[in-house]
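Taken together, the values in this text are just the output of simple stated rules run on the coordinates, not laboratory data. Just so we're clear, the structure is a prediction, and the values are computed from it rather than from any experiment. We place every Cβ from the backbone using ideal geometry, glycine too, and count neighbours over all the protein chains shown.
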Amino acid sequence: MSPRVLVVWCPDWPVVAALRALALPAHLPAAVFAANRAETVSRSAREFGVRRGMRRRDAQSRCPELVVLDADPDRDARAFEEVLGALEELRPGVAPLRPGLVALRSPGRFYGGESEAGAVLAECVTAIGIRDVRVGVADELFTAEQAARTAPVQESVIVATGESGAFLRPLPVEALDEPETVSLLRRLGLTSLGDLAALPAASVAGRLGQRAAWVHGVLHGSGARPLDTRTPPPELAIHVDFEPPLADAEAVCFSTRRTAETFVRQLGERQLVCTDVLIQVSTDHGGDGEIASERRWLHPRWFTSADLVDRLHWQLIGSLRAGDVRSPVTRVRLTPAQVVAESVHAEGLWGGTDSRVERGIARVQGMLGPEAVVAPVLQGGRSPAERQALVPWGTRATALRPRELPWPGSIPPPYPARVLAEPCRAAVVDPAGRPVVVGRRGAVSAPPARFRPGDCEPGEGWLTVAAWAGPWPVEELWWEPGGGRRVARFQLVATDGRAWLATFDDTLAGWVTEAAYD
């Protein structure tokens, strides 16, 4: 017989992970939003009537105290690693299904029963500060997951051997968690998994897809699958203790050099390199070895031992100036936040970028702070300015607007190479010298004949328009009282070959220059 499956479920995990990252209480009403719609809603927010799929404005009208959180799958996965690590200490070989949901082979025999095993695992998760955890045990994965979803907080639901079909049949078809399949079943008048079980197996496989066919097999006593368990990751973090504590940054860095070399060598033995490292500095302040300085450093390639010592030195200098480190240092800990195969960052055939530039940037950042050096990245948006975002150098961009959305009204490629920090007033006239205007329906009063870019090109006079394209009208915030904005963008090419992005702004009743095509 196949081993029994135990599933640990932490409901509303994206909300839990976001609140933990912000050090906010878990009981606050909160929701994670993506594309202005609620993706995950906490239990306290649901009590106010906030639901998944609800627009942000509607959600806040029902719960003004709602904590609005941005979707970040990477953050959710990183936070769930703590849960996986805690479970692996009790039962190696976990199978992460998604952040907030993990399966493992039931250790019921070891703990004297499946209820006892569920209680031990639930206690393990609550010990790291996650209160809402539920456990389900069954013959196979799907039933165990549904059992966990019906369990009370910090409790277990045990489905007896051979009883999966009887347990699943009363459940609604929404348990399939596939909106298109659920919609089709509802239109066919099938409301429960028992109705699905009554269908022929060949029809289910041919019409409803693999997941429905798998659940159909489970309902009829088959469909057990082996768990795709992971091997517990090796302990790659390393630390060095100082006795007596060291008060000088130079002495701390010199004493950490050998530890940094060991850190890099251990990764190299596993054919790994570190691209993201967490450096923690503990002091003897208060006598409890508290962490006084903590910072994550990213490297465009990978960290060498010299790079690690440099980052530690800059972090210590910055922390001493900021007053974070006020007493001698007792411990330095290096934790690899992300490792990759060393083949990914192998040196190119003709060499790579100059590491002196990267070290210089990181040093300036260490002296002035993470936000002092920023790098531009692209995000979604309609105007060229909206598509720009500045993130601290060496950190991953989060909470950016997705670029793959349609963004109606945005200009087509190629995009302008030079975007003005502030649009400048411009002028566009027709062949008769009259100003060109754009009506409320996007109609152009006359073809543009001449264009003056304005203060963005000092001393530039009137340019003859050789070709033009547009308009691309956009109406924004029309639902806000007094906050609406209507613009229409044009691409204008002068006879000398230069091109500009000119915008007719209805609120200004005139033209502005937003960008130039160099």
Any idea what the relative contact order of region 418-517 is, in percent, if you count C-alpha pairs under 8 Å spaced at least 6 apart? 28 percent
Whole-Å distance, taken between Cα centres, linking region 106-149 and region 151-215: 22 Å
In sequence order, what are the phi-derived ³J(HN,Hα) couplings for region 153-162 according to the Karplus relation 6.51 cos²θ - 1.76 cosθ + 1.60 with θ = phi - 60°, rounded to whole Hz, with x for glycine and proline? 5, 6, 10, 10, 10, 10, 9, 4, 4, x
Using distinct alpha-carbon pairs, which all enter the 1/r mean, Kirkwood radius of region 127-196 in Å: 13.1 Å
Say each of HIS239 and GLU82 gets a label point 7 Å from the Cα, pointing the same way as Cα to Cβ; how far apart are those two points in nm? 1.6 nm
Extension gain (nm, one decimal) between HIS220 and ALA205, 0.36 nm per residue minus Cα-Cα: 4.0 nm
How high is the relative contact order of the chain, in percent, counting Cα pairs under 8 Å that sit 6 or more residues apart? 8 percent
A correct Karplus calculation of ³J(HN,Hα) over region 428-436, with 6.51 cos²θ - 1.76 cosθ + 1.60, θ = phi - 60°, whole Hz and x for Gly and Pro, returns 9, 10, 8, x, 8, x, 7, x, 7
Rounded to the nearest 5, the percent of antiparallel DSSP beta bridges in the chain equals 90 percent
Note down the relative contact order for region 1-233 as a percent, whole number, built from C-alpha pairs under 8 angstrom at least six residues apart. 20 percent
How tilted is helix 210-219 with respect to the longest principal axis of the chain? Cα atoms for both, answer in degrees (0 to 90, nearest 10). 20 degrees
Per residue convex hull volume, Cα only, the chain, in Å³ is 243 Å³
Taking max minus min of the Cα coordinates of region 418-517 on each principal axis, largest first, gives extents in Å of 43, 30, 18
With 10 angstrom as the radius, rank TYR415, TYR111 by how many other C-beta atoms surround their C-beta, starting from the fewest. TYR415, TYR111
Taking the Cα atoms only, what angle lies between the long axis of helix 114-126 and the longest principal axis of the chain, rounded to 10 degrees? 40 degrees
Going by how many other beta carbons lie within 10 Å of each one, how would you line up LEU334, LEU190, LEU87, fewest first? LEU190, LEU87, LEU334
Rounded to the nearest 10 degrees, what's the angle between the helix 73-90 long axis and the longest principal axis of the chain, both from Cα atoms, 0 to 90? 20 degrees
In nanometres, the difference between 0.36 nm per residue of separation and the alpha-carbon distance of ALA372 and LEU90 is 97.1 nm
222 nm mean residue ellipticity, helices alone, for the chain (DSSP H n ≥ 4; -39,500 (n - 2.57); rounded to 500): -9000 deg cm²/dmol
Karplus ³J(HN,Hα) for region 192-205 (6.51 cos²θ - 1.76 cosθ + 1.60, θ = phi - 60°; Hz, whole; x = Gly/Pro) runs 10, 5, x, 5, 5, 5, 6, 7, x, 4, 5, 5, 5, 5
Over all alpha-carbon pairs in region 77-233, figure out the percentage whose distance exceeds 29 Å. 23 percent
